[in-house]
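Enquirer: Before we start, here is the structure in question, set down as structure tokens.
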There are 2 protein chains.
Amino acid sequence: MSRTDNRADREVVAAMSLGVREQVVDSSRADILRAAATCFMERGYASTSIDDVARSLGATKGRIYHHFPSKADLFAEVFRAGMDMNYQAVEPYRHLPGPALPRWRKMAMVHVVQMIDTKPFQRAVWIGVEMHLRGATTPAQREVFNELLEYRSTYGKLFRETLLQGREEGVFRFDDMSIANQLMFMTLNSPIFWYSPRVGETRSDIEAIARQVVDFAQGGLRGTQENPT
Amino acid sequence: MSRTDNRADREVVAAMSLGVREQVVDSSRADILRAAATCFMERGYASTSIDDVARSLGATKGRIYHHFPSKADLFAEVFRAGMDMNYQAVEPYRHLPGPALPRWRKMAMVHVVQMIDTKPFQRAVWIGVEMHLRGATTPAQREVFNELLEYRSTYGKLFRETLLQGREEGVFRFDDMSIANQLMFMTLNSPIFWYSPRVGETRSDIEAIARQVVDFAQGGLRGTQENPT
DNA sequence: TGATGAACATACTACCGAGTATGTTGTCAA
DNA sequence: TTGACAACATACTCGGTAGTATGTTCATCA
């Protein structure tokens, strides 16, 4: 209930003039977060040592512990940063007026592109959710985690509403809303596992990949026309 | 290149009469594998200690190390057991004659039900694939892992052929075969993450869940009818 | 029936990694 | 210019864990 309170807000305005000193500090913090995200992605949470993160920065533990009180807190900040990116990416489109399908497609596209562009952070988010589901982390850190999971849950609701509207409009068909939601996010998130950049890859190449993912999800949400077997 | 050579074959015939002594031994081994799979599922590979596995059996390290030379080998055996289960489940249907769609649906259904029934082992397989992709494990264990990944690749080909046939027959439409394959397996495997048994759940309840997953995958493989946006 | 070995348990070592305590350097403000 | 503090680096502690070395028990077989 403190210390991490308004971190997100500060990051948002980080680019605004805050004096050179603060900018340097936040730049160093951001560097650590990026390095940590990459390490967590490559080795997982438990197998990533603080020394690993420091080494990938050409630094030592001292630098990390100067900015973050513990490994769990560092991880939590990476998690939060990843969620912030997602939220800011889809937020502009959540209130697009009109039918559900085009809005859903826009949100889904932005989401998938975000998975590709910020893969290390999104993998960390995934790891964090997995850890929470199996009840890792101490009771103390549990509190921080619960807030982050709530954050994620809120993000999920952005899609949930559009899913429901889409079902009413007949573009989506599914029995269990919960399962459909799981399957949809599983599909949209999957690039964090199998995507890796190709040499000479352009922006439209990435969008083509994202489009195929979104098409798959859309087809999945519509389900089979008639039910064989 | 020894000691684990014909383990799989032996497990297959484990139920046959091999003398009481051998049955007891393999039973103890199987108990360890089950316990290990559950532990790996609950805490991941790195965070699972041999003592954890032993404790969940009401035993000590001695028992584990008597049957498995190392933690990595124990994990590899869990991996192999999971893949064995999958292969034996879908193998009877891979050569079903006729059009691709019904065969694909049967294979997919069996696969999904298998994910639900043997979730701990399948999570271990997932963890193993993740570990391999980021290059964990020592060069020595790498050899064993490569064989297991080859095994998994072979399993994937069972579906690949049917996917191609389905595309030719017009029931599936996708640009990139590799991506379609990833998305399909991502969907079919996803219950290992979000499924958890409900009280009083019947066999047909599980099949209803599996059907919804297969429907989603089928719709995804067919893609959108016309491509909006 | 005594010896042998499988199937464990117990006790120990060696190392790694999170966290801490304490230096060191550069910068800014008075 | 000097003192204070931020931003690190260095050097340590200490708990946990993989792996090992050594008992112990019980069944089987010669």
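Enquirer: Can you tell me the equivalent ellipsoid semi-axes for the stretch A:7-222? Use √(5λ) from the Cα gyration tensor, largest first, whole Å.
Expert: Equivalent ellipsoid semi-axes, largest first: 33, 19, 18 Å.
Enquirer: Also: In Å², nearest 100, what accessible area do chains B and A bury in total when the solvent probe is 1.4 Å?
Expert: 3600
Enquirer: Counting only protein heavy atoms and a 1.4 Å probe, tell me what percentage of the protein assembly as shown's accessible area is made up of carbon and sulfur.
Expert: Summing carbon and sulfur atoms, their accessible area is 53 percent of the total for the protein assembly as shown.
Enquirer: Efficiency by 1/(1 + (r/R0)^6): what FRET value for A:Glu161 and B:Arg160, r their Cβ-Cβ distance, R0 = 35 Å, to the nearest 0.05?
Expert: For A:Glu161 and B:Arg160, the calculated efficiency is 0.40.
Enquirer: Further question on the same structure: Any idea what the relative contact order of chain A is, in percent, if you count C-alpha pairs under 8 Å spaced at least 6 apart?
Expert: Answer for chain A is 21 percent.
Enquirer: Under 10 Å, Cα contacts only: if you run a Gaussian network model on chain B, which one of B:Asp51, B:Asp84, B:Asp175 comes out with the highest mean-square fluctuation?
Expert: Top of the fluctuation ranking is B:Asp175.
Enquirer: Scan chain B and report its longest stretch carrying no GluC sites (Glu not before Pro) that are both in a DSSP loop and have at most 14 other Cβ atoms within 10 Å.
Expert: Longest site-free region, per DSSP loop and neighbour criteria: B:1-168.
Enquirer: Enter the mean number of other protein chain beta carbons within 10 Å of the beta carbon of each residue in B:183-196, as an integer.
Expert: Going residue by residue through B:183-196 and averaging, the value is 5.
Enquirer: Just to confirm, what accessible area per residue do you get for chain B at 1.4 Å probe, in whole Å²?
Expert: Ligands and nucleic acids excluded, the figure is 48 Å² per residue.
Enquirer: Separate question: Within a Cβ distance under 14 Å of A:His132, other residues only, what is the Lys/Arg minus Asp/Glu net charge?
Expert: Result for the neighbourhood of A:His132: 0.
Enquirer: Moving on to the next point. Just to verify a number: FRET efficiency for B:His67 and B:Arg134, C-beta to C-beta distance, R0 = 25 Å, to 0.05?
Expert: That gives a FRET efficiency of 0.35.
Enquirer: Within 10 Å of each Cβ of B:126-133, how many other protein chain Cβ atoms are there on average?
Expert: Counting Cβ atoms of other protein chains within 10 Å of each residue's Cβ and averaging gives 2.
Enquirer: Mind telling me which of B:Ala208, B:Ala36, B:Ala76 comes out most flexible in a GNM of chain B, alpha-carbon contacts under 10 Å?
Expert: For chain B, modelled as a Gaussian network with Cα springs under 10 Å, the answer is B:Ala208.
The values are calculated or read from the model by the stated rules, or taken from the named source; none is laboratory data. All values reported here derive from a predicted model rather than from experimental measurement. Every residue, glycine as well, gets a Cβ built from its backbone with ideal geometry; the counts of neighbours run over all protein chains shown. With ligands, DNA and RNA removed, areas are computed over all heavy atoms of the protein, side chains included. Shrake-Rupley method; radii C 1.70, N 1.55, O 1.52, S 1.80 Å.
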